[in-house]
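The values are calculated or read from the model by the stated rules, or taken from the named source; none is laboratory data. Source: prediction; values computed, not measured. We place every Cβ from the backbone using ideal geometry, glycine too, and count neighbours over all the protein chains shown. Keep in mind that these areas ignore ligands, DNA and RNA; they rest on the heavy atoms of the full protein, side chains included. Shrake-Rupley method; radii C 1.70, N 1.55, O 1.52, S 1.80 Å.
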Amino acid sequence: MARWENGPRVLHGAKTGIPVEIAASYRARTRGLLGRDGIDGALLLTPASSVHTFRMRFAIDVAYLSRDFTVLAVRTMRPGRLGLPRLRARHVLEAEAGAMARWGLRPGIRLGVERVR
């Protein structure tokens, strides 16, 4: 995909297809998960190499992804934290804490993105 657009997609490569919301515009990335009480699936911030959890209402799992969607690292962040930037990260995937372990996401796995039909 040459140019990303906001909207729903599905991530493949984990145990199951993961419903994901793309946040590609500056406004969508800035808002992220702020003001939400939870999320079904995940939020993909692109381009992004770090995140923070200031003013968030719940803990999140964060997966840092390379340009080709290979998982570089997975971390759990409590509210009020600042994540360090990952040098090779081009995308950041956010989900509720514990979701990435359920999905089987771990470093080295390569994901794919598909439009919702």
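Descriptive notes on the structure:
- Using a Gaussian network model of the chain in which every pair of alpha carbons under 10 angstrom is joined by a spring, one finds that among Arg78, Arg57, Arg31 the greatest mean-square fluctuation is at Arg31.
- Stretchable slack from Ala59 to Arg90, in nm (0.36 nm times residue separation minus alpha-carbon distance): 9.0 nm
- Within-13-Å neighbourhood charge of Ile60 [Cβ basis; K, R +1; D, E -1]: +2
- Descending semi-axes in whole angstrom, ellipsoid equivalent of region 67-117, from the Cα gyration tensor: 19, 15, 11
- Gaussian network model of the chain, springs between alpha carbon atoms under 10 Å - residue of Ser66, Ser49, Ser25 with greatest fluctuation: Ser25
- Rounded percent of accessible protein surface that carbon and sulfur make up, region 1-110, 1.4 Å probe: 50
- Listed values (i) 6.5; (ii) 7.2; (iii) 9.4, entry calculated as mean projected area of the Cα convex hull in nm²: (i)
- Label reach from Ala97 (point 7 Å along Cα→C-beta): in region 2-39, amide nitrogens under 18 Å belong to 33-39.
- Rolling a 1.4 Å probe across the protein heavy atoms gives region 1-56 an accessible surface of 57 Å² per residue.
- Estimated distance in nm for a label pair at Thr70 and Lys15, the labels positioned 7 Å out from Cα along Cα-to-Cβ: 2.4
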